[in-house]
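*Asks:* Provided herewith is a single structure, encoded as structure tokens, for subsequent inquiry.
What follows is calculated from the coordinates using simple rules that are stated; it is not laboratory data. None of the values given here were measured: they were computed from a predicted structure. Please note: Cβ atoms are built from the backbone with ideal geometry, for glycine as well, and neighbour counts cover all protein chains shown.
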């Protein structure tokens, strides 16, 4: 089977476009969230939420790392017709996601105030940062 240039581009876009759309949705969430918080809480609210974003980025980065690594193994295994290995990679990824989220949730809830101070939260920002980060941690975990 010979692939043409147009066919390759179409195949590439069929894989890339859903990912790009997902990234736009996540980015839009962040922008809309910032607008609403800025309108309701002002500068202190925005600063409080900004201090929490490294936590969200950490959870998202590790989730993406595990998911992308598993996707590569799954794709290679399916291409090699090794469905057993593909299913094993999927199962392992799901287990590691649950383990990581559980461990990170325990760590973050146990030492959340210290972590926020490490990220630059001042005493004035701590109350807002704590309440906002607890919501994000519960949603991301």
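*Asks:* Using the Cα gyration tensor of region 1-45, with a ≥ b ≥ c the square roots of its eigenvalues, what is the shape: rounded (a/c below 1.5), prolate (a/b larger than b/c) or oblate (neither)? Show your work: numbers first, answer last.
*Replies:* Values: a/c = 8.14, a/b = 7.50, b/c = 1.09.
Prolate.
*Asks:* What value, in deg cm²/dmol to 500, does the helix sum -39500 (n - 2.57) over DSSP H runs of n ≥ 4 give at 222 nm once divided by the residues of the chain?
*Replies:* Values: 4 runs with 125 residues, N = 141.
Calculated at 222 nm, the ellipticity per residue is -32000 deg cm²/dmol.
*Asks:* Along its principal axes, what span do the Cα atoms of region 83-141 show, with the longest given first and each in whole Å?
*Replies:* Sorted largest first, the three principal extents are 54, 17, 16 Å.
*Asks:* Sticking with this structure for a sec: What distance in nm separates the simple spin-label points at residue 61 and residue 81, each placed 7 Å from Cα in the Cβ direction?
*Replies:* So the label points at residue 61 and residue 81 sit 4.2 nm apart.
*Asks:* Ranked highest first by the average count of other Cβ atoms within 10 Å around their residues, in what order do 125-131, 48-54, 5-11 fall?
*Replies:* Details: 125-131: 18.1, 48-54: 20.4, 5-11: 9.6.
The most tightly packed comes first, giving 48-54, 125-131, 5-11.
*Asks:* Which one, 88, 20, 104, has the greatest fluctuation when you compute a Gaussian network model over the chain with C-alpha springs under 10 angstrom?
*Replies:* Checking each option, the largest mean-square fluctuation is seen for 20.
*Asks:* Could you compute how fast region 42-140 diffuses translationally, taking Rh as the Kirkwood radius over C-alpha pairs and applying Stokes-Einstein at 20 °C with viscosity 1.002 mPa s? Give it in µm² per second.
*Replies:* Working: Rh = 15.1 Å.
Roughly 142 µm²/s, to the nearest whole number.
*Asks:* Could you grab the relative contact order for the chain? Cα pairs under 8 Å, six or more apart, rounded to a whole percent. Can you show the working numbers first?
*Replies:* Values: 78 pairs, mean separation 45.0, N = 141.
Reported relative contact order: 32 percent.
*Asks:* Here's another thing I want to ask about it. Whole angstrom only: what separates the Cα centroid of region 86-121 from the Cα centroid of region 13-33?
*Replies:* Comparing the Cα centres of region 86-121 and region 13-33, I get a distance of 23 Å.
*Asks:* Once you've got the GNM for the chain with C-alpha springs shorter than 10 Å, pick whichever of 83, 73, 21 has the biggest mean-square fluctuation.
*Replies:* Top of the fluctuation ranking is 21.
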